[in-house]
Amino acid sequence: MAEASKPEMKKAVFKKVCELRPLDTGLNLTVKVVNTKVVVPRGRQMRAAEALVGDDTAMIVFVARNDLVDLMVEGSTLTLRNAKIEMFKGSMRLAVDRWGRIEVDEPASFTVKTDNNISLVEFEMVNVVE
């Protein structure tokens, strides 16, 4: 019997922060942490933090949960794999769930564009009736 051929692995496609859209999934990005604020949800046994992360095109709020909070060190460069956009009160938040991965990387050469925070853009869901 012939050996089954493995499917060819696709090279990861990296996006820029300015290209993110509501409810995007399967995102790969390289970002720098600008600042971090620990958020404690009421009545929950988990840790959470909101970190402002960005690249040379824009910034976005990243929601870190549990062990990921420890990786949100100001100035560090992170590679996010299989990240997704979550909507919170009409604005975009970047997140990595159990199917994604965060790697601490070598310091990136880019400077974060701090005057373009796409988490401040408010989106509204519109139902289209035909």
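If you go through the stretch 38-51 and pick out every residue that is open to solvent by 30 Å² or more (accessible area, probe 1.4 Å) and either within 12 Å of Leu80 (Cα to Cα) or modelled with pLDDT of 90 or more (or both), you end up with 1. Among the numbered conditions (1) closer than 15 Å to Cys18 by Cβ; (2) out of contact with any Phe, Trp or Tyr (no Cβ under 8 Å at 6 or more places or on another chain), the only one that Thr30 does not meet is (2). Hey, does the stretch 53-60 have a residue that's modelled with pLDDT of 90 or more, surrounded by fewer than 19 Cβ atoms within 10 Å (Cβ to Cβ), out of contact with any His (no Cβ under 9 Å at 6 or more places or on another chain) and not β-branched (Val, Ile, Thr)? Yes. Residues in the stretch 86-103 that are of a type in the set (Val, Ile, Thr) and open to solvent by 20 Å² or more (accessible area, probe 1.4 Å): Ile102 only.
Of the residues that sit in the stretch 61-85 and are small (Gly, Ala, Ser) and over 27 Å from Met125 (Cα atoms), which one is most open to solvent (accessible area, probe 1.4 Å)? Explain how you work it out, then say what you get.
Filtering the stretch 61-85 down to residues small (Gly, Ala, Ser) leaves 64, 75-76, 83.
Narrowing the set further to residues that are over 27 Å from Met125 (Cα atoms) leaves 75-76.
Values: Gly75: 52, Ser76: 23 Å².
Only one residue tops the list, namely Gly75.
Checking each residue in the stretch 69-86 for being more than 12 Å from the chain's Cα centre (by Cα) and over 16 Å from Val112 (Cα atoms) picks out Val69, Asp70, Leu71. Answer yes or no: is there a residue in the stretch 105-113 that is hydrophobic (A, V, I, L, M, F, W, C), closer than 19 Å to Gly26 by Cβ and either buried (at least 16 other Cβ atoms within 10 Å of the Cβ) or in contact (Cβ under 8 Å) with a residue 40 or more places away in the chain (or both). There is no residue in the stretch 105-113 that is hydrophobic (A, V, I, L, M, F, W, C), closer than 19 Å to Gly26 by Cβ and either buried (at least 16 other Cβ atoms within 10 Å of the Cβ) or in contact (Cβ under 8 Å) with a residue 40 or more places away in the chain (or both).
Within the stretch 16-28, identify whether any single residue is modelled with pLDDT of 90 or more, touching a strand residue (DSSP E or B) at 6+ places or on another chain (Cβ under 9 Å) and in a strand (DSSP E or B), and answer yes or no. There is at least one residue in the stretch 16-28 that is modelled with pLDDT of 90 or more, touching a strand residue (DSSP E or B) at 6+ places or on another chain (Cβ under 9 Å) and in a strand (DSSP E or B).
The values are calculated or read from the model by the stated rules, or taken from the named source; none is laboratory data. This is a predicted model, so every value here is computed, not measured. Reconstructed Cβ throughout: ideal geometry from the backbone, glycine too, with neighbour counts over all protein chains shown. Each accessible area value is taken on the protein alone, full model and side chains, heavy atoms only, with ligands, DNA and RNA left out. Shrake-Rupley method; radii C 1.70, N 1.55, O 1.52, S 1.80 Å.
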